[in-house]
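What follows is one structure encoded as structure tokens, with my remarks underneath.
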Amino acid sequence: MGAAECVQNHLSTVTFYLNSECFQGRSYIDLSKLLLMRARALERLSIKYRRLEDQDRYSAELESVQSELPLWPRASPGALVEIRAVDRLPSWY
């Protein structure tokens, strides 16, 4: 079984951890959309970001991403997509 087949048929959960300045570069958005469109077993895709003091600089980009989320096509109709702030990132980040 190849990697593409594994993603299509077995990937069920994805979580991205970001600092809020990462909202400037949208590479995580492109990867998220690709996974949503291809992963048939996907149950949850989470984008969790850490609030920074200068968060206001990124609020427009964050609002844009949040408004796009419900419009993204899904291979798994029941897939939950969420974006939310967290107080801290995992220690391994």
Under 5 Å from the placed amide H of ALA75, counting only residues 5+ away or on other chains, we find MET37, ARG38, ALA39
Under 5 Å, built H, 5+ apart or other chain: amide partners of ARG51 = VAL86
Measuring from the longest principal axis of the C-alpha atoms of the chain, the long axis of helix 27-38 (C-alpha) lies at a number of degrees, nearest 10, equal to 30
Most mobile listed residue (ARG40, ARG57, ARG74) in the chain, GNM with C-alpha springs under 10 Å | ARG57
Mean Cα-pair separation over length for the chain, i.e. relative contact order, pairs under 8 Å, 6 or more apart, % | 36
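The numbers here are math on the coordinates, done by the rules we state, and not lab data. Keep in mind it's a predicted model, so treat the numbers as computed, not measured.
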